[in-house]
């Protein structure tokens, strides 16, 4: 469904590549977590799938298309097969929930009766039945994300991309969103989700692709989030906490009683 | 569905940007009024030329008694000289000259007396003071230079005069006015293009979220850009209609109702001419908006 063949992406010439020789193959119907620290290349990965960017080297295939060589006027056709969800929901504040979801169909020219039938159905599916007339500001964060998911899947995309969809939500609400994404995945939609949420990753036990500095460092079928540095490493009574990762132990100062 | 949706987007865009849109309308209005005024001035010149050039002719004044012109050294033009000139007109200038007639001194005096029955500036002239001439009607009034070249310097011809020259100062004035209007129109049109560009840019920025979503869900480029295009075009067309209306009113009340009544021997531009110019103004407005959009849109609503 999504295939990266030795993909590299360099934003500024000479700088460290955002993605470096990445090869990943996502099958139809898979649920994949994309994990890694900020700046590890997760967002670049997703934007290459969406063809917001073109790879510097290598090939990206999405739903059978060579995305890198896709001409500009075919890009909309590609994106109609993709759904995207973001951390910040990106709902249009001046439109109701129903209008927000309908918007995605209107702008690709779907006939009115299709919109009238589909939108309530999808709102029902994401658990927003009866809330179509609310404005986004009248919804909780979880509900807003549900509305955003509804908008992403209303055109029945083959692939759903989620960029930290639970990043702005509390753990309980996140759980609900994950159940929803899981349910969407079970209908056959391929889901790729970039996340920092180790609890979710550990609990779901799905395929995990870990990126670090633009390189795939781990690709596990039923993986967990992976090792994480302790928040307060055992550095002793150091007056200054070092930056994470630099892990040098501060010399322990002992005060001897005179 | 699509149409209605696009229309809704256009209207909401116009509402959101009211002040800018009003500015675009006014600037296109003023600039296209100048364009239209220039066009109407040219139409007026054309009308005057049509009207007057038919009335005027080329006069070949024949040597009178006592002329100091070198071609008149032999005194008053003799019949053989006149015949020779006519011969040339009939042969060499047969394609340029459509009609020739001879105005004798007596005829010239009659015409003069009719025009100035009480004498000219206190002097009483006699038939003897008149000058015989050949009056030529040209098949194409623009050919005067050729005719003048051929006939000037012949024996018995004192001077070849193009009576159109009388109108030249007027036409020159009107042409200068046209240039002035066109120049102002150029400056205003530039302002209009810049303003439309800014309006589209503002509109695009204020709707960045919408266009972002549209891109992501796979709306086509045209569909994303159409509302902006239409917004600019609509404002510009509105301005051009105002310009057309303004010109129509100006011609109706200033020319037809007032000028035509006070100075009635001149052919003036009429409302019909305005109707002929107005579509051009609308087309210009659309072209203007298209130009501005072309430079703006690709930068602000990129896929």
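A few points about this structure:
Yes or no, residue by residue, for (1) crowded, with 17+ Cβ neighbours inside 10 Å; (2) within 23 Å of residue A:25 (Cβ to Cβ); (3) away from chain B (no Cβ under 11 Å):
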| site | (1), (2), (3) |
| --- | --- |
| A:41 | yes, yes, yes |
| A:57 | no, yes, yes |
| A:70 | no, yes, no |
| A:76 | yes, no, no |
| A:84 | yes, yes, no |
| A:102 | yes, no, no |
| A:109 | no, no, no |
| A:113 | no, no, no |
| A:121 | no, no, yes |
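- Test set (1) touching a strand residue (DSSP E or B) at 6+ places or on another chain (Cβ under 8 Å); (2) surrounded by fewer than 17 Cβ atoms within 10 Å (Cβ to Cβ) - residue B:15 fails condition number: (1)
- Criterion (buried (at least 18 other Cβ atoms within 10 Å of the Cβ) and within 32 Å of the chain's Cα centre (by Cα)) met by exactly one of B:184, B:189: B:189
- Within region A:146-183, the set of residues being modelled with pLDDT under 95, over 17 Å from residue A:201 (Cβ atoms) and within 13 Å of the chain's Cα centre (by Cα) comprises just one member, A:168.
- Complete set of residues in region B:267-303 that are touching a helix residue (DSSP H, G or I) at 6+ places or on another chain (Cβ under 7 Å) and in a loop (DSSP other than H, G, I, E, B): B:267, B:268, B:269, B:270, B:301, B:303
- Residue in region B:201-213 that is away from every other protein chain (no Cβ under 14 Å) and surrounded by 21 or more Cβ atoms within 10 Å (Cβ to Cβ) present: yes
- Some residue of region A:146-156 being away from every other protein chain (no Cβ under 14 Å) and buried (at least 18 other Cβ atoms within 10 Å of the Cβ): yes
- Evaluating residue B:137 against the criteria (1) crowded, with 16+ Cβ neighbours inside 10 Å; (2) in contact with a strand residue (DSSP E or B) (Cβ under 6 Å, 6 or more places away or on another chain) leaves one unmet condition, (1).
- The residues of region A:86-100 that are within 17 Å of residue B:9 (Cα to Cα), under 23 Å from the mean Cα position of the chain (by Cα) and surrounded by fewer than 18 Cβ atoms within 10 Å (Cβ to Cβ), listed by number, are A:92, A:93.
- On inspection, residue B:170 fails the criterion of being exposed (fewer than 15 other Cβ atoms within 10 Å of the Cβ) and either within 14 Å of chain A (Cβ to nearest Cβ) or within 25 Å of residue B:16 (Cβ to Cβ) (or both).
- Failed item, numbered, when residue A:213 is tested on (1) surrounded by fewer than 21 Cβ atoms within 10 Å (Cβ to Cβ); (2) on the phi < 0 side of the Ramachandran plot: (2)
The values are calculated or read from the model by the stated rules, or taken from the named source; none is laboratory data. Model, not experiment: these values are computed from the prediction. We place every Cβ from the backbone using ideal geometry, glycine too, and count neighbours over all the protein chains shown.
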